[in-house]
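Contents: one structure, followed by commentary.
The values are calculated or read from the model by the stated rules, or taken from the named source; none is laboratory data. None of these values were measured; they are calculated from a predicted model. All Cβ positions, even for glycine, are placed from backbone atoms using ideal geometry, and neighbour counts span all protein chains on display. Protein only, heavy atoms only, side chains kept; ligands, DNA and RNA dropped before computing areas. Shrake-Rupley method; radii C 1.70, N 1.55, O 1.52, S 1.80 Å.
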Amino acid sequence: MSAGPRTRVAILISGRGSNMVSLIEAAKAPDYPAEIVLVLSNRPEAGGLAHARSVGIPAHAIDHTTFSDRATFDAALDAELRAAGVELVCLAGFMRIFSAGFAEAWAGRMINIHPSLLPLFKGTHTHAQALAAGVRLHGCTVHYVVPELDAGPIVAQAAVPVRSGDDPDSLAARVIVQEHRLYPAALALVAGGRARLEGERVVIDDDRGAADAALLSL
Ligand code: GRF
């Protein structure tokens, strides 16, 4: 049986791109429902760009410092995504806040990975936030992007324990392992049409999909 058309995905990065690598690796499987057609970075020095090129994926920077304002940068990004026929955008360590217009234009077609169990610990320094709050479980979340930061409907989450003696670095190291499992699973659910937006929530009907969307590493 031949697989249906694969969803055309762009990955947006700002740095090392380890989550990008996990998505690229997953998309090598013939039955994966998404193909990575473009990688863009707002930082020319982002390490992930060279990796993407090395595996034959078009990858380049749109340097945000060369744009006069946020809206102009977002318009350039939007033009690149449309020109490449991108259907779904994955943010993977992309450290720019979008204008409301861009977020609305891609609403329902853009997901992000955030290193906490949302709605806890939005913004930056999430591992330090978790340690300061004294939570026993921490983790990561893949969610749809909405104009409000780190607030969109949740697709999938992975939980890890917080251990005594953890510092932000040791906790980050435990979480990133799960990020690399979770993001490919979440993208497969979204691109394969098994996770669908219903208002403010994401609904996953099949048991296997629900299990893929709730990972525990205890
Ligand atoms: C990850 O922790 C991700 O959750 C956060 O930024 C980091 C990016 O890491 N949004 P990488 O560039 O994917 O290695």
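When you go through (1) outside any loop (DSSP other than H, G, I, E, B); (2) open to solvent by 30 Å² or more (accessible area, probe 1.4 Å); (3) over 21 Å from Val9 (Cα atoms) one by one for Ala158, which number turns out not to apply?
(2)
Return yes when Gly56 is under 17 Å from the mean Cα position of the chain (by Cα) and either without any contact (Cβ under 8 Å) to a residue 12 or more places away in the chain or within 16 Å of the ligand (Cβ to nearest atom) (or both) and no when it is not.
no
Where residues in region 189-218 are free of Cβ contacts under 8 Å to residues at least 24 places away in the same chain and charged (D, E, K, R), which of them is surrounded by the most Cβ atoms within 10 Å (Cβ to Cβ)?
Per the criteria, the residue is Arg194.
Go through (1) away from the ligand (no atom under 11 Å from the Cβ); (2) open to solvent by less than 30 Å² (accessible area, probe 1.4 Å) for Asp150 and report which single condition fails.
Evaluating Asp150 over (1) away from the ligand (no atom under 11 Å from the Cβ); (2) open to solvent by less than 30 Å² (accessible area, probe 1.4 Å) leaves (1) as the failure.
Within region 161-178, how many residues are out of contact with any Leu (no Cβ under 9 Å at 6 or more places or on another chain) and either open to solvent by 70 Å² or more (accessible area, probe 1.4 Å) or over 17 Å from Ala128 (Cβ atoms) (or both)? It would help to see each step written out before you state the result.
Of all residues in region 161-178, those out of contact with any Leu (no Cβ under 9 Å at 6 or more places or on another chain) come to 164-165, 169-170, 172-177.
If we keep only those that are either open to solvent by 70 Å² or more (accessible area, probe 1.4 Å) or over 17 Å from Ala128 (Cβ atoms) (or both) as well, we get 164-165, 169, 177.
Result for region 161-178: 4.
Starting from residues that are within 19 Å of Ala191 (Cα to Cα), aliphatic (A, V, I, L, M) and not in a strand (DSSP E or B), keep the ones in region 104-129 and report whichever is nearest to the ligand (Cβ to nearest atom).
The qualifying residue nearest to the ligand (Cβ to nearest atom) is Ala107.
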